[in-house]
Amino acid sequence: MRKNIVAGNWKMNMNQEQTAQLIADLKEAMPSNDASVMIAPTFVNLAKAVELTEGTNIEVIAQNMHFEASGAYTGEISADMLKSIGIQTVILGHSERRAYFGETDEILAKKVKAALDNGMQVVFCFGEELDERKSGEHFNVVESQLKNALFELPASAWSQIVLAYEPVWAIGTGETASADQAQEMHAFIRKTIAAQYSNEVADQVSVLYGGSVKPNNASEIFSKPDVDGGLIGGASLNAEDFSGIAVAFS
Ligand code: 13P
């Protein structure tokens with residue numbers, strides 16, 4: 001079911017002590033409204049974060065996983081390992097994974113399938129780079145990212161998918177897409193899904209926006225009809241900022 005979500009991608013930040021402190025601060029600061037709250041600490045702190053958020057409405061999610069079930073893949077983490085410590089949701093396809101770690105649409109299609117086969121929910125990230133926006137290619141890029149990684153899935157799988165449109169030029173740059181640019185792309189994403197599947201599938205999927213979301217721009221972006229919340233990087237590392245973004249749903 002389509003819902004409002006505010007998700008914090010902590011990336012490679014926060015050691016265990018800092019993780020515990022930030023979770024303690026979030027427990028104090030987060031507003032109670034209808035938005036689902038997710039945080040994605042780094043792998044080594046996931047188990048601790050699950051323990052520290054028990055009994056709260058904060059869901060701890062992973063930033064990545066491998067598509068194989070087990071075996072000789074040094075340094076990798078499987079869906080089963082994540083589930084065994086209470087993780088039900090994984091971010092896949094982040095632009096930093098694509099750019100720095102060579103993750104292609106083909107690899108991502110395998111990861112999405114592995115997560116879904118394990119009964120997990122996926123927050124799937126995608127979005128165009130600056131030169132692609134400047135040359136007017138952004139709709140084509142987004143369409144092919146969706147098609148290549150997700151459009152082999154059966155319609156029934158989409159209840160386990162959350163989309164996160166993150167234009168690369170807006171990530172960590174302080175430059176956000178305008179609320180109108182976000183709405184325009186989110187409407188396009190829904191139209192593309194409706195054409196491949198159905199209006200029903202397109203209407204029920206939550207589509208988050210990510211890229212320099214801050215307390216001072218969240219309400220305008222989230223007020224758009226096709227924007228169901230945000231995937232937050234930098235501002236999720238500070239409880240005041242993250243809760244200041246979550247109140248945009250109040
Ligand atoms: P920033 O909010 O720091 O721009 O990062 C967005 C992001 O990459 C979330 O996944």
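All of the numbers you see were taken from the coordinates with simple rules; none came from a lab. In this text, all values refer to a predicted model and were calculated from it rather than measured experimentally. No Cβ is skipped: glycine too gets one built from the backbone with ideal geometry, and neighbour counts run over all protein chains shown.
Structure above, values below:
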item: Dmax and Rg, reported as Rg then Dmax, of the chain (C-alpha, Å); result: 16.9, 48
item: Dipole moment magnitude, nearest 20 debye, the chain about Cα centre, only Lys, Arg, Asp, Glu C-beta charged; result: 240
item: Antiparallel DSSP beta bridges within the chain, percent to nearest 5; result: 0
item: The chain: most fluctuating residue of Met14, Met38, Met65 per GNM, C-alpha cutoff 10 Å; result: Met14
item: Proximal lysines to Lys147, defined as alpha-carbon separation beneath 21 angstrom and excluding residues fewer than eight positions away on the same chain; result: Lys110, Lys111, Lys113, Lys191
item: Loop-located GluC sites (Glu not before Pro) in segment 1-90, at most 11 other Cβ atoms within 10 Å (DSSP); result: Glu54
item: Residue of Leu52, Leu92, Leu163 that the Gaussian network model of the chain assigns the largest fluctuation, springs spanning Cα pairs under 10 Å; result: Leu52
item: Over 28 Å between alpha carbons, listed pairs Lys3/Lys134; Lys11/Lys83; Lys27/Lys83; Lys11/Lys48; result: Lys3/Lys134
item: Span from the segment 63-99 Cα centroid across to the segment 168-201 one, whole angstrom; result: 25
item: Ala194-Ala69 pseudo-label distance in nm [points 7 Å out on the Cα-to-Cβ vector]; result: 4.0
item: Built amide H within the under 5 Å cut-off of Gly127, gap 5+; result: Glu166
item: Of Gln196, Gln88, Gln183, the one that fluctuates the most in a GNM where the chain has Cα springs shorter than 10 Å; result: Gln196
item: Positive-end residue of Ala99, Thr176, Phe151, charge dipole of the chain with Cβ unit charges; result: Phe151
item: Exposed-site-free run, longest, the chain (rule: trypsin sites (Lys or Arg not before Pro); DSSP loop; at most 14 other C-beta within 10 Å); result: 4-250
item: Helix-only [θ]222 nm of the chain, DSSP H runs n ≥ 4, -39500 (n - 2.57) each, per residue, nearest 500; result: -12500 deg cm²/dmol
